[in-house]
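Since the structure comes first, as structure tokens, the remarks are kept for the end.
The values are calculated or read from the model by the stated rules, or taken from the named source; none is laboratory data. All figures in this text were calculated on a predicted structure; none of them were measured in a lab. All Cβ positions, even for glycine, are placed from backbone atoms using ideal geometry, and neighbour counts span all protein chains on display.
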Amino acid sequence: MAQVRIWVHAVWATKRREPLMANKNKRTEIFKHIKSYAKEKKIYLDFINGESDHVHALISMACDQNIAQIMKLLKGESSSFANQKQLFGTDFAWADDYYAASIGQSQVEVVRNYLKNQEEHHRSKTFEEECQVFMVKYGFVRILG
């Protein structure tokens, strides 16, 4: 049996980054549903959290999974769930894009703590500012200078 430990920090947003998940109770409900669905699909979703317009997830991928497949499953099913239950009272959709970066085992607890404190982080930083920091940190863009 193959044993694989590939940790991924994935982030995705609502369509047009609309604050559709502003209601914390409803946001918690969709996060619980995503976690439950992930378990059903044998996706190890270690931690999930976010704010009104985006989601962070810490995922450990199995040897037969890839990030595109995981994101398609989690985003597609959860938007269907939200719309069927009319959870957010409008047509709910995720943006097409996402970003995901691998993290080392030594950084798992650091990422968990970051995800746990999303409300605190977003008191001083917008989602766009957070994205820019991560784009540089994970090497998606380079700072000129």
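Of everything in the range 5-39, what is surrounded by fewer than 16 Cβ atoms within 10 Å (Cβ to Cβ) and either hydrophobic (A, V, I, L, M, F, W, C) or farther than 17 Å from A82 by Cβ (or both)? Give them in sequence order. If the condition is that a residue be surrounded by fewer than 16 Cβ atoms within 10 Å (Cβ to Cβ) and either hydrophobic (A, V, I, L, M, F, W, C) or farther than 17 Å from A82 by Cβ (or both), then R5, I6, A22, K39 are the ones that fit. Of the residues making up the range 66-98, just one is modelled with pLDDT of 95 or more, surrounded by fewer than 11 Cβ atoms within 10 Å (Cβ to Cβ) and small (G, A, S), namely A68. Contact map, the range 67-88: first residue under 19 Å from W7 (Cα atoms), second residue assigned to a helix (DSSP H, G or I) and of a type in the set (F, W, Y), Cβ cut-off under 8 Å, separation 6 or more or different chains; pairs are L73/Y37; L74/Y37.
For the range 64-92, a residue qualifies if it is over 23 Å from D46 (Cα atoms) and part of a loop (DSSP other than H, G, I, E, B), and the qualifying residues are K85, Q86, L87, F88, G89, T90, D91, F92. In the range 25-47 there is no residue that is farther than 23 Å from E129 by Cβ, among the polar types (S, T, N, Q) and at pLDDT below 95.
Screening the range 99-112 for residues that are in a strand (DSSP E or B) and of a type in the set (S, T, Y) and picking the one that is surrounded by the fewest Cβ atoms within 10 Å (Cβ to Cβ) gives S102. If only residues of the range 46-63 that are acidic (D, E) and outside any loop (DSSP other than H, G, I, E, B) are counted, the one that is surrounded by the most Cβ atoms within 10 Å (Cβ to Cβ) is E51. If the condition is being more than 22 Å from D96 (Cβ to Cβ), assigned to a helix (DSSP H, G or I) and touching a residue at least 60 places away in the same chain (Cβ under 8 Å), then the range 1-45 contributes only K26.
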